[in-house]
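Undergrad: If you scroll down you'll find the structure; I have some questions about it.
The values are calculated or read from the model by the stated rules, or taken from the named source; none is laboratory data. Only a predicted model underlies this, so the values are computations on that prediction, with no experimental measurement involved. Quick reminder, even Gly has a Cβ in these numbers, built from the backbone with ideal geometry, and neighbours come from all protein chains shown. When the accessible area is computed, the model is the full protein with side chains, heavy atoms only, and any ligands, DNA or RNA have been set aside. Shrake-Rupley method; radii C 1.70, N 1.55, O 1.52, S 1.80 Å.
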Amino acid sequence: MHRTACKGDLTVARGSSGIVAGLTAAAVAAVCFLAYQASANAPDSVAAPSAEASRASVSPSAKPEPKPKPTKDPLAIPADSDTGARVVYALGDRRVWVVDDKEKALRTFTVMPSTVNPPPGVYAVTSRSGSIKGSDGVMIEHVVRFANVDDVSVGFSAAQDNSMRSPDPTTRTGGVRMKRADGNALWTFATVGVKVVVVP
């Protein structure tokens, strides 16, 4: 009796699990069929994403940030200032560069412009004076002349009192003033014939 009962119980259990598996498979098949029908009958605007939506999901709406431009070195030798060993005088920056033949700036310094400025261009040192009285009455040294504008001689110099005062705007003078230490360096470099390039 005991063996028969066990066998019967096993048969019922097998039959029950088979029914459950069958019902589960039928339910899954029904769900899949309904899902297929729903997608097949759905309008295009719902069934598939639009091309614009696809592009929007791929590429960000915001434009990429532009790369920051490298900052310009204010003490760099000005572009378009010729080549070779030369003195570069930038009118707008009120600055002079002493440049060797390897394009290296040996020295750069600020200056006080004169009331008469030479137009941009390439010049050459024409004459020099060790120590004289300037047209403004100030004793100056290391005068390096390189241009002549309307009978006014234009050149670099340093006041012996080391001043760099603004020139009297009512007088026509051509002295481009600098500190004495800068004047010494320029005097050593800018011998007669050395190129002087004036840039805006």
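Undergrad: Which of the residues belonging to the stretch 137-188 are of a type in the set (F, W, Y) and closer than 15 Å to Y123 by Cα?
TA: Passing the criteria: F146, F156.
Undergrad: A further question on this structure: Tell me the residue from V143, V99, V152, V125 that is open to solvent by less than 40 Å² (accessible area, probe 1.4 Å), closer than 20 Å to P200 by Cβ and over 32 Å from the mean Cα position of the chain (by Cα), please.
TA: Unique residue meeting the criteria: V152.
Undergrad: Right, another one. Does the stretch 112-119 include one or more residues that are open to solvent by less than 40 Å² (accessible area, probe 1.4 Å) and in a strand (DSSP E or B)?
TA: Yes.
Undergrad: Just for the stretch 173-187: of the residues that are open to solvent by less than 60 Å² (accessible area, probe 1.4 Å) and touching a residue at least 60 places away in the same chain (Cβ under 8 Å), which one is farthest from L91 (Cα to Cα)?
TA: A185
Undergrad: Show me the strands (runs of 3 or more DSSP E) entirely contained within the stretch 128-200 in which 1 or more residues are among the aromatic types (F, W, Y).
TA: Filter on the stretch 128-200 gives 139-149, 152-159.
Undergrad: So, in the stretch 155-172, of the ones that are of a type in the set (G, A, S) and touching a His at 6+ places or on another chain (Cβ under 8 Å), which residue ends up surrounded by the fewest Cβ atoms within 10 Å (Cβ to Cβ)?
TA: Step by step, filter the stretch 155-172, then rank; the result is A158.
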